[in-house]
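Structure first, commentary second.
The values are calculated or read from the model by the stated rules, or taken from the named source; none is laboratory data. These numbers come from a predicted model, not from an experiment. Here the Cβ positions follow ideal geometry from the backbone for every residue, glycine too, while neighbour counts run over all protein chains shown. The protein model used for the area step is the full one, side chains on, heavy atoms only, and it has no ligands, DNA or RNA in it. Shrake-Rupley method; radii C 1.70, N 1.55, O 1.52, S 1.80 Å.
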Amino acid sequence: MSAKPKTLRTEIDEGVFVITLARAAEYNTITPELRDELGAAIDAGDAAPEAHVILLRAEGPAFCAGYGLDWSTAAQSSERAATQRRVWDSVSDLRMMGRFVETYMKLWYAKKPTIAAVQGWCIGGGTDMVLCADLIVAGEGASFGYPPSRVWGTPTTAMWVYRMGLEQAKRYMLTGDEITASKAAEIGLILETVPDDQLQQHAMSFARRMARVPTNQLVMLKLLCNQTAENMGLASSRTLGTLFDGIARHTQEGLDFVTNAQAKGFRQAVRERDDPFGDYGSRPRASRAPKGKAKPSAK
């Protein structure tokens, strides 16, 4: 990594290459800059001879509240204005989204094991990212989900079926419902939960324990496990998920969502999408997550 990253920081601690997302004020929402810096950080960790394991974590109340809709909805609106006489270019869109997907999949294709420690919201594009990690631990107050399945998106990395099976994946994909951390562990979406105030210490201890194993053993064992999902068709599922994500953003409902976000602001557009379901940021205040938990984005 040539220039000092602006969206994250890295360090090596007892054989663990630690990547910490550092956009706490923005709930670590995904931007092109974060994408590029994350990809470079994962590559650096995979290449570092003194690191055996890569640990991805985040500062602030949310691990990742999805894509930053202020720039992503504006980008789609600008694209439409610039190409009013042209139809949607699916190949160009696939290439654009593919750059994000390639970064997230570095967690999966890194030779060394990758662990993610999740607190607060991890939704939308945040799940596209984190579900590519080999193992996920979460604080008890964390929440997962893919609300864009209601409008404006599909999971680009398509990890849901491979992590928790067909029935559970359908149950949450076909509603976009929020998943509490305890439920996520119960259905196999993540490995385990710990008290929120113990998350970072627990994740680091777990990563250090794994780092005691020789790197060559870790590389072989990870490849042996991941190859099973590859043999089941992960690559083709991922291609379809990325292509469908572009299609979903250019259906009439998807275009209407962007128009509404431009007119009223993306937070209001998200509220109008989620209010009928009563979850994420639309939950009644009395039943919302612990104080300090960030409001999620839509994507």
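Which of (1) closer than 24 Å to R283 by Cβ; (2) surrounded by 24 or more Cβ atoms within 10 Å (Cβ to Cβ) is the odd one out, the single condition V151 does not satisfy?
All conditions pass for V151, except number (2).
Could you list, in sequence order, the residues of segment 122-134 that are closer than 22 Å to G233 by Cβ and either buried (at least 22 other Cβ atoms within 10 Å of the Cβ) or touching a Leu at 6+ places or on another chain (Cβ under 7 Å) (or both)? So that I can check it myself, show each step before the final result.
Kept after step one, since they are closer than 22 Å to G233 by Cβ, are these residues of segment 122-134: 127-134.
Hits for segment 122-134 are T127, D128, M129, V130, L131, C132, A133.
Scan (1) open to solvent by 10 Å² or more (accessible area, probe 1.4 Å); (2) polar (S, T, N, Q); (3) assigned to a loop (DSSP other than H, G, I, E, B) for the single condition Q200 breaks and write down its number.
Only one criterion in (1) open to solvent by 10 Å² or more (accessible area, probe 1.4 Å); (2) polar (S, T, N, Q); (3) assigned to a loop (DSSP other than H, G, I, E, B) is unmet by Q200, namely (3).
Return the pair list, or none, for Cβ contacts closer than 8 Å from residues in segment 206-227 that are closer than 16 Å to A116 by Cβ to residues that are part of a helix (DSSP H, G or I) and open to solvent by less than 50 Å² (accessible area, probe 1.4 Å), at least 6 apart or on different chains.
If the second residue must be part of a helix (DSSP H, G or I) and open to solvent by less than 50 Å² (accessible area, probe 1.4 Å), the pairs left are M210/L218; N226/W108.
Given the condition open to solvent by 60 Å² or more (accessible area, probe 1.4 Å), part of a helix (DSSP H, G or I) and touching a helix residue (DSSP H, G or I) at 6+ places or on another chain (Cβ under 9 Å), answer yes or no: does some residue in segment 170-188 qualify? If you could, list the steps in order and put the result at the bottom.
At the first step, the residues of segment 170-188 found to be open to solvent by 60 Å² or more (accessible area, probe 1.4 Å) are 170-171, 174, 180, 182-183, 186.
With part of a helix (DSSP H, G or I) added as a condition, the list becomes 170-171, 182-183, 186.
Those left that are additionally touching a helix residue (DSSP H, G or I) at 6+ places or on another chain (Cβ under 9 Å): 170.
Yes, some residue in segment 170-188 is open to solvent by 60 Å² or more (accessible area, probe 1.4 Å), part of a helix (DSSP H, G or I) and touching a helix residue (DSSP H, G or I) at 6+ places or on another chain (Cβ under 9 Å).
Please work out if I136 is within 24 Å of E102 (Cβ to Cβ) and either modelled with pLDDT under 95 or β-branched (V, I, T) (or both). Steps first, please.
Working: within 24 Å of E102 (Cβ to Cβ): yes; either modelled with pLDDT under 95 or β-branched (V, I, T) (or both): yes.
Here the answer is yes, as I136 does meet what is asked.
List every residue pair whose Cβ atoms sit under 6 Å apart, with the two residues 6 or more apart in sequence or on different chains, where the first one lies in segment 21-47 and is within 22 Å of Y109 (Cα to Cα) and the second, anywhere, is of a type in the set (K, R).
Cβ pairs passing all conditions: G39/K106; I42/K106; D46/K111; D46/K112.
Determine whether segment 180-198 contains at least one residue that is touching a residue at least 24 places away in the same chain (Cβ under 8 Å) and within 19 Å of S237 (Cα to Cα).
Yes, segment 180-198 has at least one match.
For segment 90-144, how many residues meet the condition of being more than 21 Å from S205 (Cα to Cα), touching a strand residue (DSSP E or B) at 6+ places or on another chain (Cβ under 6 Å) and among the basic types (K, R)?
0
Restricting attention to segment 281-291, does a residue exist that is part of a helix (DSSP H, G or I), at pLDDT 95 or above, more than 22 Å from the chain's Cα centre (by Cα) and not aromatic (F, W, Y)?
Initial filter on segment 281-291 (part of a helix (DSSP H, G or I)): 281-282, 285-287.
Now narrow it down to the ones that are at pLDDT 95 or above: none.
Within segment 281-291 (the criterion being part of a helix (DSSP H, G or I), at pLDDT 95 or above, more than 22 Å from the chain's Cα centre (by Cα) and not aromatic (F, W, Y)), the answer is no, since none of the residues qualifies.
Since F100 meets every condition but one in (1) under 12 Å from L38 (Cβ atoms); (2) surrounded by fewer than 20 Cβ atoms within 10 Å (Cβ to Cβ); (3) of a type outside the set (D, E), which condition does it not meet?
(2)
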